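Student: Have a look at the structure that comes next, please.
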Amino acid sequence: METKTFKGGIHPPERKEATEGKAIERIPVPKQVVIPINQHFGAPNQALVKVGDVVKRGQKIADAEGRMTVPVHASVAGTVKKIEPRTQSNNTDGPCIVIETAETDETDFMPALDAFSCTKEEAIARIRDAGIVGMGGAGFPVYVKLAPPPNKPIDVVIANGAECEPYLTIDEMTMIEEGAKVIEGLAIIMKTVGVKKGVLAIEENKKHAAESLEKLIPSAGRGLDISVVLLKTKYPQGGEKMLITAVTGKEVPSGGLPMDVGCIVQNIGSLKAISEAFSDGKPLIERGLTLTGKACKTPKNIIAPIGTVIGELPAEVAEIDLDALRKAIFGGPMMGTAVPHLNIPVQKNTSGVTMMDATEAEATEEGPCIRCGRCMRGCTCRLSPVLMNNAIEAGELEKAAKIGLLDCIECGSCSYVCPARIQLVQRFRVGKQLLRAQRAAAAPAPAKA
Ligand code: SF4
Ligand code: SF4
């Protein structure tokens, strides 16, 4: 099979061997969960419960009106003990609902729905009601992608099975163990949007997963045109823009979205969740993730309820050597977020937790820029990281935007290749937040009726 790719890219060490091929383990239900109210890219939610309320597993506990919102559901049955700010996986404090788990497991799922006989509107409403977001990135609500404007017809839906992030193996194992659900989720999107072509795009270092999916297509693919495409193993092959270029040859324009070139890209975990939202009426209340890094003595792939606090996992689930731990990252080392401690809950977009010891966590002391230009050569989006960094450092956020700040996919390749260890991607993440806040503050207030 021909392998496809994009131009450029880097080859950080894969470091997947600790969990590669390890069966996914469902962890015991934790004694309590801490569920962030806002786990999506969009307007903030409001809590629908109060302290003392008894909730069922799957019950909606936070939601909001508005196009870019998705609800959050209780991942265990129990009693709401607190609603208070806690540190979240993006390293900021945000409101969380703390639920103490009950001994009984009462559920409040939706009725099953046949995605292939219901209307498009019913299917989109189901995906929203199930609280499904992109489970590999910023938590973009999936249903929003399924209703593109009429002038943006979609030709292909791409399942993102690249998993190019070092250390992480949960997508690979999900494709191997839950392949039929992944294909079903892809077929549901294709049917809902009316798209004829579906592609399962997988890096060639996961040939086992690719072969296993290929065998399942005839039985799980609903007779649709679904195929497997192998991708070269390199970073950031799983970035939406790179994936689209590799699979279709098209380039998403600056400031544009996949729909601008007729594509929808969806994460593997999200496809499985979509399948379960229809077949079982189950909202997104649990997810698969990889626990890894040398400070984790029991590296593995697990399924955990959303809200499971990593630092509260019992030793039989995760034996963490806190003396050896030098750096904890929610996600992988390239695109993940370093966190100050492990008392942080699993969220809808937590694909892994990487716990590094001193041998893995490189010294991060920054030196001065030596103007070597490696960051520019290493940037797959053809941006000028050093110039964007200079503009952000000078407080000139609009200038950074002109140079391309909002086109940065935060892949971290520039930081990886920088010999001065300048924390470029970290600055770009903060710079984007500041720029958006600055623009929102400068926008005229809506006229009063
Ligand atoms: S500037 Fe952004 S897109 Fe380019 S390499 Fe750095 S993090 Fe990646
Ligand atoms: S790679 Fe680092 S040192 Fe080289 S130009 Fe870019 S920021 Fe400067």
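The values are calculated or read from the model by the stated rules, or taken from the named source; none is laboratory data. Predicted model, so just to flag it, every value in this text is computed and none were measured. Cβ: placed from backbone, ideal geometry, glycine included. Neighbour counts: every protein chain shown.
Student: Any residue at all in region 150-168 that is over 24 Å from A246 (Cβ atoms) and either in contact with a helix residue (DSSP H, G or I) (Cβ under 6 Å, 6 or more places away or on another chain) or not in a loop (DSSP other than H, G, I, E, B) (or both)?
Tutor: No: zero hits.
Student: What tally of residues in region 233-270 results from selecting those that are crowded, with 17+ Cβ neighbours inside 10 Å and not hydrophobic (A, V, I, L, M, F, W, C)?
Tutor: 17
Student: If you don't mind, another one. Filter region 27-59 down to the residues that are aliphatic (A, V, I, L, M) and not in a loop (DSSP other than H, G, I, E, B), then identify the one that is surrounded by the most Cβ atoms within 10 Å (Cβ to Cβ).
Tutor: Among those residues, the one meeting the criterion is I35.
Student: I've got another one for you. Restricting attention to region 66-88, and to residues there that are at pLDDT 95 or above and small (G, A, S), which single residue is surrounded by the fewest Cβ atoms within 10 Å (Cβ to Cβ)?
Tutor: A77
Student: Testing A328 on (1) buried (at least 16 other Cβ atoms within 10 Å of the Cβ); (2) modelled with pLDDT of 95 or more; (3) not in a strand (DSSP E or B), one condition comes back false. Which one is that?
Tutor: A328 satisfies all of (1) buried (at least 16 other Cβ atoms within 10 Å of the Cβ); (2) modelled with pLDDT of 95 or more; (3) not in a strand (DSSP E or B) except (3).
Student: Going through region 121-142 one residue at a time, which ones are within 15 Å of L186 (Cα to Cα) and surrounded by fewer than 20 Cβ atoms within 10 Å (Cβ to Cβ)?
Tutor: Matches in region 121-142: I124 only.
Student: If the Cβ limit is 7 Å and pairs must be 6+ apart or interchain, which residue in region 166-192 that is among the aromatic types (F, W, Y) pairs with which residue that is surrounded by fewer than 23 Cβ atoms within 10 Å (Cβ to Cβ)?
Tutor: These pairs meet every condition: Y167/R15; Y167/K16.
Student: For residues that are among the β-branched types (V, I, T) and closer than 20 Å to Q237 by Cβ, scanning just region 408-424, find the one that is farthest from ligand 2 (Cβ to nearest atom).
Tutor: Out of the qualifying residues, it is I409.
Student: Taking the criterion of being more than 21 Å from F6 (Cβ to Cβ) and away from ligand 2 (no atom under 14 Å from the Cβ), would at least one residue in region 367-388 satisfy it?
Tutor: No, because not a single residue in region 367-388 is more than 21 Å from F6 (Cβ to Cβ) and away from ligand 2 (no atom under 14 Å from the Cβ).
Student: Considering (1) closer than 14 Å to S384 by Cα; (2) surrounded by 17 or more Cβ atoms within 10 Å (Cβ to Cβ); (3) away from ligand 2 (no atom under 16 Å from the Cβ); (4) free of Cβ contacts under 8 Å to residues at least 40 places away in the same chain, say which one R427 fails and leave the rest.
Tutor: Answer for R427: the failing condition is (3).
Student: Return yes when K432 is part of a helix (DSSP H, G or I), within 16 Å of ligand 1 (Cβ to nearest atom), over 30 Å from V76 (Cα atoms) and at pLDDT below 95 and no when it is not.
Tutor: Spelling it out, K432 is indeed part of a helix (DSSP H, G or I), within 16 Å of ligand 1 (Cβ to nearest atom), over 30 Å from V76 (Cα atoms) and at pLDDT below 95.
Student: Here are A62, A23: which of them is in a loop (DSSP other than H, G, I, E, B) and at pLDDT 95 or above? Spell out how you get there, then give the answer.
Tutor: Working: A62 fails: in a loop (DSSP other than H, G, I, E, B).
The match here is A23.
Student: Mind checking which residues of region 412-428 are part of a helix (DSSP H, G or I), of a type outside the set (G, A, S) and farther than 16 Å from G255 by Cα?
Tutor: Result: C414, Y416, V417, L424, V425, Q426, R427.
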